[in-house]
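Just below is one structure, and these are the notes that go with it.
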Amino acid sequence: MKFFVDTAELDAIAELNDLGMIDGVTTNPSLIKKSGRDILEVTKEICDMVDGPVSAEVVALKAEDMIAEGRKLAEIAENIAVKVPLTWDGLKACKVLTEEGKMVNVTLCFSANQALLAAKAGATFISPFIGRLDDLNIDGLDLIADIREIYDNYGFETNILAASIRTANHMSDCAKIGADVATAPPAVIKAMANHVLTDKGLDQFVADAKAANIKIV
Ligand code: E4P
């Protein structure tokens, strides 16, 4: 499973990218707002840093306006994936932009039917939002599993990009189900390294090394 990091914070992206932990980046208007940066400038800086797909989201609601915005975003760099919402207009924009050879990430997906439509429209990525479903007591992981089954039934090539990930367990659960990509905030990716038994074991080793006066360099 590929990892994308869900942020527009350059320092966080650089740290994960330098470690080889991420295969791409996702942003959205809320993350751009949080960064306090101009969307075109910060997206260019992210694209210069990361080789893989960088999702940048349109803000228009009508298909023709989304297409114009998508074309402008795609001019930033070759690794831009234009992000459009899963609305009827968004699907129209997806179809046009995909036919122009651009990567398209269809976002705000909350049902298997929506994911089917995105695949029919030629989306490169479909972004089902796990955490926002979990917030409503609907198991977001069930949606990932349903989309995996449907896409496999018919050989759709659209990549399942599990989004709105809130916990480290979501990452391994998505990997078990077979999501192609999972995008998560930097803190969630780093939290995947944590285990209480690792901490406990290390405390003991540190104490024993001190007691035995073990020195290596
Ligand atoms: C990804 O593409 C989405 O922008 C993101 O995962 C949304 O996450 P949230 O529900 O935590 O805002």
Residue under question is residue 178, and the condition is that it be without any contact (Cβ under 8 Å) to a residue 12 or more places away in the chain, of a type outside the set (S, T, N, Q) and on the phi > 0 side of the Ramachandran plot; does it hold? no
Helices (runs of 4 or more DSSP H) wholly inside the stretch 133-217 that include at least 3 residues being open to solvent by less than 50 Å² (accessible area, probe 1.4 Å) and more than 16 Å from the ligand (Cβ to nearest atom): 140-154
If I filter the stretch 80-138 down to residues being within 18 Å of the chain's Cα centre (by Cα) and of a type in the set (Phe, Trp, Tyr), which single residue comes out as nearest to residue 152 (Cα to Cα)? 125
Any chance residue 73 is open to solvent by less than 50 Å² (accessible area, probe 1.4 Å) and in contact with an Asp or Glu (Cβ under 7 Å, 6 or more places away or on another chain): no
Criterion: under 17 Å from residue 128 (Cα atoms), more than 16 Å from the ligand (Cβ to nearest atom) and of a type outside the set (S, T, N, Q) - qualifying residue of 86, 108, 91: 91
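The values are calculated or read from the model by the stated rules, or taken from the named source; none is laboratory data. Values in this document were obtained by computation on a predicted structure and should not be read as measured data. Positions of Cβ are generated from backbone atoms using ideal geometry, with glycine treated the same way; all protein chains shown enter the neighbour counts. Surface areas here come from the heavy atoms of the whole protein model, side chains and all, with no ligands, DNA or RNA. Shrake-Rupley method; radii C 1.70, N 1.55, O 1.52, S 1.80 Å.
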